[in-house]
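Chemist: Below are the structure tokens for one structure; questions will follow.
The values are calculated or read from the model by the stated rules, or taken from the named source; none is laboratory data. Since we're looking at a predicted model, the values are computed, not measured. Backbone-built Cβ (ideal geometry, glycine too); neighbour counts: all protein chains shown. Note: areas computed on protein heavy atoms with side chains; ligands, DNA, RNA excluded. Shrake-Rupley method; radii C 1.70, N 1.55, O 1.52, S 1.80 Å.
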Protein chains: 2
Amino acid sequence: MRVVYNVQMSELGDLLGEMAGLAGLAMERSTQALLTADLGLAEQVIEEHDKITDLAVVCEEKAFQLLALQGPVAGDLRAVVSGIQIVADIDRMGALALHIAKATRRRHPNHVLPDEVKGYFAEMGRIAVALGGATREILETRDPERAARLHHEDEAMDDLHRHLFKVLMNPEWKHGVAAAVDVTLLGRFYERFADHAVEVGRRVIFLVTGKLPTEEEIRALGTKVDKLTVYPTES
Amino acid sequence: MRVVYNVQMSELGDLLGEMAGLAGLAMERSTQALLTADLGLAEQVIEEHDKITDLAVVCEEKAFQLLALQGPVAGDLRAVVSGIQIVADIDRMGALALHIAKATRRRHPNHVLPDEVKGYFAEMGRIAVALGGATREILETRDPERAARLHHEDEAMDDLHRHLFKVLMNPEWKHGVAAAVDVTLLGRFYERFADHAVEVGRRVIFLVTGKLPTEEEIRALGTKVDKLTVYPTES
């Protein structure tokens, strides 16, 4: 019985990691599709989105079965409860990547983005994909210090997002209102993707430490780690 | 022990209903603040937002304690698991109301909205407040048919949101890019508020029936109810 239980706990973690991997992959493809107006790639993201929502259902069912049949306690109970919450965040990350792919499809064969802001989206996409990979990594390693460092990547995303808004709001903006509306929504999708990754990190910290950290505590933990890490291991 | 358990289950439901009530109230106030550029009211929403996030922590802790100490089964287990998921949705509804209040404060003493689109936001606000109230109601009554009907209100919101975009994208738009960016984001906040209310409804249906309905099933359930309900009870 105990063996079955451990296998199921481990499966839940693997499935969450797999979901995060798929959300990261969707984000990578939808960003490339957005930057190059690649309809085929956008459609691939749209077609394969069901994989993420299907996995979400599987994760929720597995978590529920674990609670119903195995009655986990202490750290295991925290892991299952956190798992239930994490599913919702990763599901949303997948939905945001889907929105980006749909915007690309909607405007095809035109490019959604004026050339002037493509650099911002290339960089926001790079950070989002890194956050997707890091989310998968922390779900597999349950490393609370790595989880806290997601906060830094999110700050880089927020900075880019703020700069993007300055470009939009600048009276020099020449691309009209329709393009500005698209850029506004797309920028928001990238920013929210990063927020959800940070939220997964906060849940992993809870899972390991039993305490849900505040934003200030995450920042302090991340800073402490930065000072201690002479040779940072993250790419 | 059983008495304590029932009291705790009932408390969790009451706290979720209370949270939904606060999110609805925040939405009501932030919409009024937005429409009238009322700084005091916007600041009240911002100052009182902690009440919602504090309640979210209390709900999560109560749900966790119930799982850890009482080992609920069957319908009660579903109620606790759904409760954990519902907390996240209501928390987000509160955050979206907060964003609207902050937009009002940011542009004060100017109005965020051009007069041309105020009618859309008055109506989207009315629907959002109704959805907040309905969310509270279904958390208290656990009525799956009422929960399914949230879908209709969400469709009304989506229609308004689509029309709003037509206004924005119309070459006749005279209010410039900065106003369009604000209107785009604010429209999105109302639409997402409604989506989260629908998600709470879906969770309540799961809680009662043990099955998480698809969007099609909700639509069918809502339609069936409409046909059967000769004297609708909702306001």
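Chemist: Across peptide A:56-62, how many C-beta atoms of other chains are within 10 Å of each residue C-beta, on average?
Modeler: If you average over the peptide's residues, the count of other-chain Cβ atoms is 1.
Chemist: Same structure, new question: For B:Lys51 and A:Asp50, what does the FRET efficiency come to when R0 = 30 Å and r is the distance between their Cβ atoms, rounded to the nearest 0.05?
Modeler: That pair, B:Lys51 with A:Asp50, gives E of 0.20.
Chemist: Compute the accessible area per residue over segment B:2-226, keeping the other protein chains in place, probe 1.4 Å, unit Å².
Modeler: Accessible area per residue: 41 Å².
Chemist: Determine, for chain B, the count of lysine pairs separated by eight or more sequence positions (or lying on different chains) whose alpha-carbon distance falls under 20 Å.
Modeler: 7
Chemist: Let me ask something additional. Which value, in square angstrom to the nearest 100, describes the accessible area buried between chains B and A on both sides, using a 1.4 angstrom probe?
Modeler: That pair hides around 2500 Å² of surface in total.
Chemist: Take the alpha-carbon centre of segment A:31-110, take the same for segment B:112-150, and report the distance between them in whole Å.
Modeler: 27
Chemist: Further, regarding this structure: Local charge sum around A:Thr209 (other residues, Cβ-Cβ under 12 Å, Lys/Arg +1, Asp/Glu -1)?
Modeler: +2
Chemist: Now for a different question. Please report, ordered by residue number, every helix of chain B (full DSSP H runs) that is 27 Å or longer along its axis going by C-alpha atoms and whose mean Kyte-Doolittle hydropathy reaches 0.5.
Modeler: Span-like helices, by this rule, are B:176-209.
Chemist: Considering only protein heavy atoms, what is the solvent-accessible area of B:Cys59 at a probe of 1.4 Å, reported in Å² to the nearest 10?
Modeler: 0
Chemist: How large is the dipole of the protein assembly as shown about the Cα centre if only Lys and Arg carry +1 and Asp and Glu carry -1, each at its Cβ, rounded to the nearest 20 debye?
Modeler: Rounded to the nearest 20 debye, it is 140 debye.
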